[in-house]
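Q: Please see the structure below; I have some questions.
The values are calculated or read from the model by the stated rules, or taken from the named source; none is laboratory data. In this text, all values refer to a predicted model and were calculated from it rather than measured experimentally. Cβ: placed from backbone, ideal geometry, glycine included. Neighbour counts: every protein chain shown. SASA here: full protein model, heavy atoms, side chains in, ligands and nucleic acids out. Shrake-Rupley method; radii C 1.70, N 1.55, O 1.52, S 1.80 Å.
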Amino acid sequence: MKNIRSASVNFSTYSPAINVIGKAQNKIHETIRFDYVILAAMIVGMILRLWRLDSAALWFDETFTASWIELPLPQMMRVVLSDNHLPFYFLMLKAWTAIVGTSPEMLRLPSAIFSLLTIPLIGAIAWVIKDKTAARWAAWLAALSPYLLQHAQEARMYTLLGLLAAANTFLLIRFVTNKSQHLGITFVLINAGLLATHYYSIFFIAAEFLALLILASNRWRFWAVAMAVTLAMMAGPVLAAKYLATPHAGGSYQMGIVALPGLIWSLISGYTLLPSSAELHAEGPRAALTYLPLALAGFVALSVTSFAALRCLPKTHWLPLIIICGTVILGPFFASMLFDVGNNPRYAMACCPALLAFVVAGFPNTMNDRIRVGAAAVLIIIMVSASTLHLANPGHGREDIYGIGEWLDANVPIEEEILVTSDEMATLAKFHWPQRHFRNYPSGKTVVKRSGADDVAAALPFGNANRVIYIFGRTWVSDPNDALRAALTTRYNACPGIQARGIEVLCLTPVKPVMNGH
């Protein structure tokens with residue numbers, strides 16, 4: 001017993017040191033924020049992002065990515081900048097594919113990795129603004145998000161934009177909530193990456209500046225230099241847009257501010273619960289009516305959780321997220337009103353981390369709050385359903401390139417010339433079937449109108465051939481009223497063709513003249 005007491009006394013003499021070690025361990029834990037539930041979300045998120053990664057053929061925008069990175073570096077830079085893009089993502093992808101090759105899976109893998117790394121950052125944002133439970137929910141929503149998932153499976157720059165925005169949203173939130181003392185070189189470098197990734201990152205940076213002015217003006221000495229350097233760096237994209245980019249930046253559905261609800265809905269549901277591009281161009285806003293009941297339920301649920309988040313969070317915690325979401329979502333709409341630039345739900349990627357972290361802050365702490373439990377359940381069901389639909393058909397709404405390619409191989413000799421009805425479809429065709437011979441008809445960016453459709457059909461170039469194979473795809477660009485197709489099928493006989501998702505192949509033969517007396 002004496003030895004035991006002696007050991008006890010000796011042990012107590014080291015208690016101050018043990019307390020210090022314990023405090024250090026707690027501080028490390030507080031900094032790293034390691035959590036097995038968040039790790040599980042990352043594992044599931046990784047599986048989902050890699051699932052059928054190469055299932056869908058490269059779609060229109062991805063064919064540009066694949067073509068550009070094959071160019072010599074100086075030429076690639078010129079092409080990227082002249083086509084209204086910024087080079088950071090393409091430089092990274094060019095270096096990556098030089099090692100692993102340019103298969104669809106390898107082209108898309110960096111996007112999957114960027115999206116995966118975004119998951120713990122979104123959890124960290126929620127942890128800072130609320131608690132560990134919110135962080136877990138945020139990580140799982142990020143893992144299951146159909147919006148993040150679809151972008152993770154395409155070879156474009158949007159998941160890199162989301163990752164960088166998530167990182168600086170985390171740094172900004174820590175600063176304005178007094179969990180860090182200053183914004184320094186890391187904040188500046190991430191902003192530099194944003195400004196070299198996408199033009200519309202300027203709206204995210206404007207939101208950062210606005211949040212700092214409102215919430216940390218009395219601490220301006222600790223962020224002014226970082227923000228000043230960032231604002232100076234914005235001159236680069238501005239000058240590129242003015243002197244290097246083409247006059248027309250992207251495209252839009254000409255729906256104006258009417259598209260705003262659909263954009264917000266896409267951040268929750270992705271694109272499987274939205275009209276396809278063809279449906280939007282053909283029907284306009286009416287194409288959304290099919291999805292309206294589900295969208296209304298989602299908006300009600302989103303409103304409930306958002307209102308709850310506003311009530312339970314301090315102003316310093318929710319206001320930066322609201323500023324980021326509002327500026328990033330609305331900024332492109334104002335830009336499209338002032339300049340000839342496009343608008344697309346993809347451009348809102350920079351606010352997705354802030355939105356998910358804000359939404360989960362309004363999730364219930366107990367099962368007794370039935371309204372908030374119901375709202376959270378609706379959002380989760382929508383996101384899981386939309387992600388399931390995407391994984392079942394990763395090429396949702398996009399052209400069935402594989403199906404058409406198999407038909408061409410079986411029915412059209414490799415040397416036979418094939419007509420294509422739009423520049424966009426010609427780009428897809430020439431990329432996916434480079435060994436074949438294609439000809440745009442009518443040439444250039446001609447838009448066939450009803451008044452001229454018969455003349456275009458009458459001049460169909462048969463030459464010495466006994467048939468014409470004519471690919472109709474992305475016809476909202478060249479034949480928006482279906483006038484040319486109607487004129488062709490009325491004037492000529494049909495031989496067997498094929499109709500697949502987003503593409504129709506017409507096979508047409510000349511009409512034999514009718515002889516008198518026969």
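Q: Compute the distance in nm between two label points, each set 7 Å from the Cα along the Cα-to-Cβ direction, one at Leu189 and one at Trp220.
A: 2.9
Q: A follow-up question, please. What ratio of Cα Rg to 2.2 N^0.38 Å holds for the range 342-397?
A: Values: Rg = 14.6 Å, N = 56, 2.2 N^0.38 = 10.2 Å.
Compactness ratio reported: 1.44.
Q: Something else about it: Diagonalise the Cα gyration tensor of the range 257-305 and give the resulting equivalent ellipsoid semi-axes, square root of 5 times each eigenvalue, largest first, whole Å. Provide the component values of the computation, followed by the final result.
A: Numbers: eigenvalues 77, 19, 19 Å².
Rounded to whole Å, the semi-axes are 20, 10, 10.
Q: Another question, then. Longest span of the chain, sites excluded, free of trypsin sites (Lys or Arg not before Pro) in DSSP loop with at most 12 other C-beta atoms within 10 Å?
A: Details: sites that count: Lys179, Lys445.
Formally, the longest exposed-site-free interval is 180-444.
Q: Of the chain, which part is the longest with no chymotrypsin sites (Phe, Trp or Tyr not before Pro) in a loop (DSSP not H, G, I, E, B) and with at most 15 other C-beta atoms within 10 angstrom? Please list the in-between numbers first.
A: Values: sites that count: Tyr14, Phe34, Trp51, Phe339, Phe462.
After excluding every exposed loop site, the longest remaining stretch is 52-338.
Q: Relative contact order (percent) for the chain, with alpha-carbon contacts under 8 angstrom and 6 or more residues of separation? Intermediate results must be reported in sequence, preceding the final value.
A: Numbers: 725 pairs, mean separation 79.6, N = 518.
Value for the chain: 15 percent.
Q: Roll a 1.4 angstrom probe over the protein heavy atoms and tell me the percent of accessible area of the range 345-500 that is carbon or sulfur. Can you show the working numbers first?
A: On the way: 3700 of 7170 Å².
Roughly 52 percent of what the probe reaches on the range 345-500 is carbon or sulfur.
Q: May I pose another question? What residues qualify as long-range amide H neighbours of Phe438, i.e. H under 5 Å apart, gap of 5 or more or another chain, H built at 1.01 Å from N?
A: Ile418
Q: Right, something else. Taking R0 as 56 Å, what FRET efficiency do you get between Tyr36 and Glu415 from their Cβ-Cβ distance, rounded to the nearest 0.05? Can you show the working numbers first?
A: Working: r = 61 Å, r/R0 = 1.08.
E(calc), rounded to 0.05, equals 0.40.
Q: Taking 51 Å as R0, compute the FRET efficiency from the Cβ-Cβ separation of Asn178 and Asp423 and round it to 0.05. Kindly include the intermediate steps, with their values, before the conclusion.
A: Working: r = 54 Å, r/R0 = 1.06.
Given R0 = 51 Å and the Cβ-Cβ separation, E is 0.40.
Q: If r is the Cβ-Cβ distance from Asn464 to Gln435 and R0 is 25 Å, what FRET efficiency results, to the nearest 0.05? Don't skip to the answer; put the middle values down first.
A: On the way: r = 22 Å, r/R0 = 0.89.
Between Asn464 and Gln435 the formula returns 0.65.
Q: Given axes a ≥ b ≥ c from the Cα gyration tensor, I'd like to know whether the range 240-363 is rounded (a/c under 1.5), prolate (a/b larger than b/c) or oblate.
A: On the way: a/c = 2.78, a/b = 1.31, b/c = 2.13.
Oblate is the answer for the range 240-363, as a/c is 1.5 or above yet b/c matches or exceeds a/b.
Q: If you don't mind, another one. Given the rule -39500 (n - 2.57) for each run of at least 4 DSSP H residues, summed and divided by the residues of the chain, what is its mean residue ellipticity at 222 nm, to the nearest 500 deg cm²/dmol?
A: Working: 25 runs with 321 residues, N = 518.
It comes out at -19500 deg cm²/dmol, rounded to the nearest 500.
Q: If exposed GluC sites (Glu not before Pro) are those in a DSSP loop with at most 12 other Cβ within 10 Å, what is the longest stretch of the chain that has none?
A: Numbers: sites that count: Glu70, Glu415.
Result for the longest clean stretch: 71-414.
Q: What accessible area per residue, rounded to a whole number of Å², is obtained for the chain using a probe radius of 1.4 Å? Kindly include the intermediate steps, with their values, before the conclusion.
A: On the way: 24780 Å² over 518 residues.
With all protein chains present, the chain gives 48 Å² per residue.
Q: Further question on the same structure: With the Cα gyration tensor of the range 129-222 giving a ≥ b ≥ c as the square roots of its eigenvalues, does the rule (a/c under 1.5 for rounded; else a/b larger than b/c for prolate; else oblate) give rounded, prolate or oblate? Mind dumping the intermediate values first?
A: Details: a/c = 2.51, a/b = 1.32, b/c = 1.90.
Oblate is the answer for the range 129-222, as a/c is 1.5 or above yet b/c matches or exceeds a/b.
Q: Still on this structure, I have one more. Run the paramagnetic zone check for Ala98: 7 angstrom along Cα to Cβ, then residues of the range 156-170 with backbone nitrogen under 20 Å.
A: 156-157
Q: Extension gain Thr290-Leu310, at 0.36 nm per residue separation less the Cα-Cα distance, in nm? Walk me through the numbers on the way to the answer.
A: Values: separation 20, 0.36 × 20 = 7.20 nm, distance 3.16 nm.
Computed gain between Thr290 and Leu310 is 4.0 nm.
Q: Checking the a/c ratio against 1.5 first, then a/b against b/c, what shape does the Cα gyration tensor give for the range 174-219? Present the calculation step by step, with values, prior to reporting the outcome.
A: On the way: a/c = 3.14, a/b = 1.60, b/c = 1.97.
Verdict is oblate for the range 174-219.
Q: For the range 67-164, which whole-number percentage of the solvent-accessible area (1.4 Å probe, protein heavy atoms only) is attributable to carbon and sulfur atoms?
A: 69
Q: Pulled fully out, how much extra length does the chain show between Cys495 and Glu70, if you take 0.36 nm times their separation in residues and subtract their Cα-Cα distance? Don't jump to the answer; show the numbers that get you there.
A: Details: separation 425, 0.36 × 425 = 153.00 nm, distance 3.86 nm.
Contour length minus Cα-Cα distance gives 149.1 nm.
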